[in-house]
Amino acid sequence: MSQFTAVKVPKLETVAIQLTDPNQVKLSGTITQKDPSNDLAGFFKALHAAAIADKLTEVRADVSGLTFVNSSAIRLFVDWATWVKNERERYTLRFITSRNVTWQKTSFTALMSLMKEVLAIEQVT
Amino acid sequence: MALFERNPPPSSSSPTTTTTSTANAKSRDGGALNGRTMVRVICTAGSGALEYTHAFISAYAADHLRGAVAQRLSVGAYELLSNALNFGSVSSDIVLELIEADTLVGVRVSNEAIQARISMLSEHLLRLRSNAEQTFLEELRRSVTGGIPRPMLGLARVCHEVGLALELQVQDRRVSVTAQCRR
């Protein structure tokens, strides 16, 4: 059984989260909490651990519907990429982004330049 | 939070004013933003005003300004207010204003802060003025390596990500940061 799909999804006021495939998580809405790590860091860490346990070769994080995030939320994506980079058996962390959302273009382009060995960026819409 | 209830604290009788800008001489987004205050919100450092104030300002801007401008100012309002709430002095109000002039529109946040914070902010703005993209990358890199002091991504986002010009004005201990662009 997939551990990835068994990860408990947190319920948050401004962001909707769905596990849509055995290797895909979809986030939409906004992340404006002062410290989103309280709700999301544990969730991302659990997804990461499940992906390793499931021996996934790729995890797809669809953030194309995230219209606004604060700097603390960007750091959560940085943390996730860092966890992958620190693993011996890595998977590719593929962010599905929207070319219509400004923060996604700049932040993921910059993150890609720092973590290109573990990241992939795919643009939709 | 109060809307139009209190006035900002009076300035000192013999103020020393300094100004720092991220806009270069050729930028059309730079220059002093003097115009009509569309919204003024007053809140207190350390309060939980960030999320609902941001939601209100974003909705107001979306209703009164072009969509692309509203989206940019939404990021500016969030990051400026977040900094003020985190680092401002609790002894005086934080004032957020949405201001429109003939050609410019912007969000201005003012608060009191200790001198060390003001110096750090001035230096950071000079780095952003020199190269906003490089500064954004450096701050992101510091996020990866867990830099101390804490990475300062917020203003780098405002400058690089949404392309707003930042104007810093310091009058004694009162700091005003304006994020602005063409209407």
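May I ask you to list the aspartates and glutamates whose Cα is less than 18 Å away from that of A:Lys34, ignoring any residue fewer than eight positions away on the same chain?
Here the aspartates and glutamates satisfying the reach criterion relative to A:Lys34 are A:Glu13, A:Asp79, B:Glu51, B:Glu79.
Ignoring everything except DSSP H segments at least 4 long, calculate the 222 nm mean residue ellipticity for chain B; use -39,500 (n - 2.57) per segment, divide by total residues, nearest 500.
The helix contribution divided over chain B gives -12500 deg cm²/dmol.
Give me the one-decimal nm value for the distance between modelled label points at B:Arg150 and B:Gln134, 7 Å along each residue's Cα-to-Cβ direction.
2.7
Per-residue counts of other Cβ atoms within 10 Å, averaged by peptide: what ranking do you get for B:156-164, A:53-61, highest first?
B:156-164, A:53-61
Quick check on my link table: of A:Lys85/A:Lys116; A:Lys45/A:Lys105; A:Lys11/A:Lys45, which ones sit more than 19 Å apart, alpha carbon to alpha carbon?
Table pairs above 19 Å Cα-Cα are A:Lys45/A:Lys105.
In percent, what relative contact order does chain A have, based on Cα pairs under 8 Å that are 6 or more apart in sequence?
23
Just grab the label-to-label distance for A:Thr109 and A:Lys85, each label 7 Å out from Cα along the Cβ direction, in nm (one decimal).
So the two model labels end up 2.0 nm from each other.
Across peptide A:69-80, how many C-beta atoms of other chains are within 10 Å of each residue C-beta, on average?
The shielding value for this peptide is 5.
Compare A:Ala46, A:Ala81, A:Ala110 in a GNM of chain A, Cα atoms joined below 10 Å, and give the one with the largest fluctuation.
For chain A, modelled as a Gaussian network with Cα springs under 10 Å, the answer is A:Ala110.
Need one value for B:128-139: mean number of C-beta atoms belonging to other chains within 10 Å of its residues' C-beta atoms.
Mean number of neighbouring Cβ atoms from other chains: 1.
Assigning unit charges at the beta carbon (Lys, Arg +1; Asp, Glu -1) and nothing else, what dipole magnitude in debye, to the nearest 20, does the range B:119-183 show about its Cα centre?
Taking the Cα centre of the range B:119-183 as origin, the dipole is about 120 debye.
Which whole number of Å³ per residue matches the convex hull of the alpha-carbon atoms in the protein assembly as shown?
With only Cα atoms used, the protein assembly as shown gives 131 Å³ per residue.
Could you work out the mean count of beta carbons from other protein chains within 10 Å of each residue's beta carbon in A:99-112?
Counting Cβ atoms of other protein chains within 10 Å of each residue's Cβ and averaging gives 3.
List the relative contact order of chain B as a percent without decimals, with contacts defined as Cα pairs under 8 Å and 6+ residues apart.
Worked out over chain B, it gives 32 percent.
For n ≥ 4 DSSP H runs only, could you compute -39500 (n - 2.57) per run for chain A, divide by its residues and tell me the 222 nm figure to the nearest 500?
Mean residue ellipticity at 222 nm (helix-derived): -12000 deg cm²/dmol.
Set the Förster distance to 25 Å, then compute FRET efficiency between B:Thr103 and B:Arg173 from the Cβ-Cβ distance, nearest 0.05.
0.20
A short reminder: the numbers here are calculations on the coordinates, not readings from a lab. Remember, it's a predicted structure, so these values are computed and weren't measured experimentally. Virtual Cβ from ideal backbone geometry, glycine too; neighbours counted across all protein chains shown.
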